[in-house]
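Participant: Take this structure first; my questions come after.
The values are calculated or read from the model by the stated rules, or taken from the named source; none is laboratory data. Computed from a predicted structure; not experimentally measured. Using ideal geometry, Cβ is built from the backbone for each residue, glycine included, and neighbour counts are taken over all protein chains shown. Protein only, heavy atoms only, side chains kept; ligands, DNA and RNA dropped before computing areas. Shrake-Rupley method; radii C 1.70, N 1.55, O 1.52, S 1.80 Å.
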Amino acid sequence: MFVGREHELAELNRLYRKGGFQMVVLYGRRRVGKTTLALQFAKDKPLLAFTAKVQSDAMNLARFSEEIYRFSGLTARPGPFATWDDAFVYLAQSVGDRQIVFLFDEFPYAAQKNAALISTLQIAIDHHFSHTGIYIILTGSNQGFMEEKVLGTQPAEGGELALGEKNPLFGRRTAQIHLAPLGYLEASRMLPDIDPIDLVAYYACFGGTPYYLAQLDANESLDENITRLFFHKEGLLFEEPLMLLRQEVREPAIYSSLMSAIAGGATRSTRIADRVGIDRTAMGKYMGTLRALGLVEKVAPYGESAKTSKNALYRLKDPCFAYWYRFVEPVSDVIEQDAGELVAHEALASDQLATFIGHWFEEIARSWLVLQAKAGALPFVPVRFGSWWGTDPKRREQDEVDVVAGNPRTHEAIVGECKWRESVSVAKVLEKLRLRTHLFPQYQTFYPMMFLKRPLDEKGRAACDEAGCRVVDAGELYRER
């Protein structure tokens, strides 16, 4: 099932309508849907598709030769091309003035077996492809390789990217798409018959990676899906985070330990380093890599910069990996002993799971506000979104605000509270929202909001209406899917 990706498809089609030579670099971690997106875009277009494999250079070139012959309609095939350069020249000559899509899937697998392939492709682009209608899509799951060797950038300390103009392919691309997992609303379209409350739980546990979502069995309950995929040693997700790290980094054990420390409650750089047992000065490099991979993010309280805030903290960015490190990794040895169902039952029955889902409910609420803002469905247009935590200067104690969205120019803000529980004290939530507005002195007009698991009863709705507080339950979060 193909869902979402409207923005990416629109950009791919815009370039195709433009005509002439194009080169799109489409990358992102494995299972995120790169090949599916490329094939969806090319389904009504002339397509030469080749997927490189982890095999010798000669074998990849031989298979590429076969695909070129098949695309060209040759019945008598003269055998593999002697070099990649010969293959690219033949392709350019056979295409002529036609507009075609050339999908080179998992390009790093081929380039890592032939150190000259990147330069060979650059020469082919400059001398042959640039005068044709060839639309190249280079995909890759090795994000570090794609950023350094294909895009011409390289991760620097702290996760920033520095230009690398010495790279042969630097400047040849006409667009790049770093494909991320689906957002909560797009992900829900892969689960069309699931109740909105369960959808929140599914997103909290499985995230938005299309391949993971495709493994869910609609005939099983959430608990059964979780047990089968996470808590059986044969399950698809039992070792998935470790397999990803082994593909992407040289020291997977250290990176995995860092993520485990964050999942276990160490959110500050020094505490993470101390818990893992590494030099604090090395944290910039390690965390920068994890941030570049989209596995970890550094966040700060609303109104502060993550780069400079003393209150900034690290957290796991992907729900599925966060679930794995919180509930699966600590009991992986038990799962290896074929006792996974026992620990799965404990994890699913614990109060910690509700707390975990509640965290991602807050993330969904903030994402929903962004979607509503883009649709012009809010009382003003917020341009900043986040949450707030820190010391309340009036009460002189630690506090937090789940959802904040504001516009500094108009001095308006939304202040919201999220409650992932069966029932809530409306009066207490309204009072908390009223008392928290002083935390944001830069704003003058406030719109309180309450995000709830279930709809309020008539009395609760009346109290919120009187206070001017908008109530959004799980059903409304998914109403537009």
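Participant: Within segment 1-48, can you find the residues that are in contact with a Phe, Trp or Tyr (Cβ under 6 Å, 6 or more places away or on another chain), in a loop (DSSP other than H, G, I, E, B) and farther than 30 Å from Glu240 by Cα?
Facilitator: Scanning segment 1-48 gives a single hit, Phe21.
Participant: Here is a follow-up. Identify all residues within segment 257-291 that are open to solvent by 20 Å² or more (accessible area, probe 1.4 Å), touching a helix residue (DSSP H, G or I) at 6+ places or on another chain (Cβ under 7 Å) and among the aliphatic types (A, V, I, L, M); write none if there are none.
Facilitator: Passing the criteria: Ala263, Val276, Ile278.
Participant: Residue check, Glu248 against (1) surrounded by 19 or more Cβ atoms within 10 Å (Cβ to Cβ); (2) at pLDDT 95 or above, all met but one. Which one?
Facilitator: (2)
Participant: What's the total number of residues in segment 181-206 that are open to solvent by 10 Å² or more (accessible area, probe 1.4 Å) and in a loop (DSSP other than H, G, I, E, B)?
Facilitator: 9
Participant: Would you please name the residue that is farthest from Val429 (Cα to Cα), looking only at residues in segment 454-466 that are open to solvent by less than 60 Å² (accessible area, probe 1.4 Å) and out of contact with any strand residue (DSSP E or B) (no Cβ under 7 Å at 6 or more places or on another chain)? Spell out how you get there, then give the answer.
Facilitator: Taking segment 454-466 as the starting set, the residues that turn out to be open to solvent by less than 60 Å² (accessible area, probe 1.4 Å) are 456, 460, 462-464.
Filter once more, keeping what is out of contact with any strand residue (DSSP E or B) (no Cβ under 7 Å at 6 or more places or on another chain): 460, 462-463.
Numbers: Gly460: 11, Ala462: 14, Ala463: 11 Å.
The qualifying residue farthest from Val429 (Cα to Cα) is Ala462.
Participant: Among the residues of segment 24-38, is there at least one that is closer than 30 Å to Leu237 by Cα, open to solvent by 10 Å² or more (accessible area, probe 1.4 Å), touching a residue at least 60 places away in the same chain (Cβ under 8 Å) and of a type in the set (Gly, Ala, Ser)?
Facilitator: yes
Participant: Which residue pairs have Cβ atoms closer than 8 Å, lie 6 or more positions apart in sequence or on different chains, and pair a first residue in segment 40-58 that is basic (Lys, Arg) with a second residue that is open to solvent by 50 Å² or more (accessible area, probe 1.4 Å) and outside any strand (DSSP E or B)?
Facilitator: Lys53/Met59; Lys53/Arg63; Lys53/Tyr109
Participant: When both residues are 6+ apart or on different chains and their Cβ atoms are under 9 Å apart, which pairs have a first residue that lies in segment 420-436 and is over 17 Å from Ala474 (Cβ atoms) and at pLDDT below 95, and a second that is assigned to a loop (DSSP other than H, G, I, E, B) and open to solvent by 40 Å² or more (accessible area, probe 1.4 Å)?
Facilitator: Leu435/Lys394; Leu435/Arg395
Participant: Here are the criteria: (1) open to solvent by 30 Å² or more (accessible area, probe 1.4 Å); (2) out of contact with any Gly (no Cβ under 7 Å at 6 or more places or on another chain). Tell me which single one Leu433 does not satisfy.
Facilitator: Just one mismatch for Leu433, condition (1).
Participant: Report those helices (runs of 4 or more DSSP H) wholly inside segment 58-147 carrying at least 2 residues which are within 31 Å of the chain's Cα centre (by Cα) and closer than 23 Å to Gln247 by Cβ. Quick ask: steps written out before the conclusion?
Facilitator: Working: elements: 84-95, 107-111, 117-127.
Result: 107-111, 117-127.
Participant: Another question, then. Does Gly475 satisfy the criteria of being without any contact (Cβ under 8 Å) to a residue 40 or more places away in the chain and surrounded by fewer than 19 Cβ atoms within 10 Å (Cβ to Cβ)?
Facilitator: Working: without any contact (Cβ under 8 Å) to a residue 40 or more places away in the chain: no; surrounded by fewer than 19 Cβ atoms within 10 Å (Cβ to Cβ): yes.
So Gly475 fails the test.
Participant: Might you let me know whether segment 293-316 holds any residue that is hydrophobic (A, V, I, L, M, F, W, C), open to solvent by 20 Å² or more (accessible area, probe 1.4 Å), more than 30 Å from Tyr211 (Cα to Cα) and out of contact with any Lys or Arg (no Cβ under 9 Å at 6 or more places or on another chain)?
Facilitator: No, that holds for no residue.
Participant: What number goes with the only condition from (1) without any contact (Cβ under 8 Å) to a residue 24 or more places away in the chain; (2) touching a Ser or Thr at 6+ places or on another chain (Cβ under 9 Å) that Thr445 does not pass?
Facilitator: (1)
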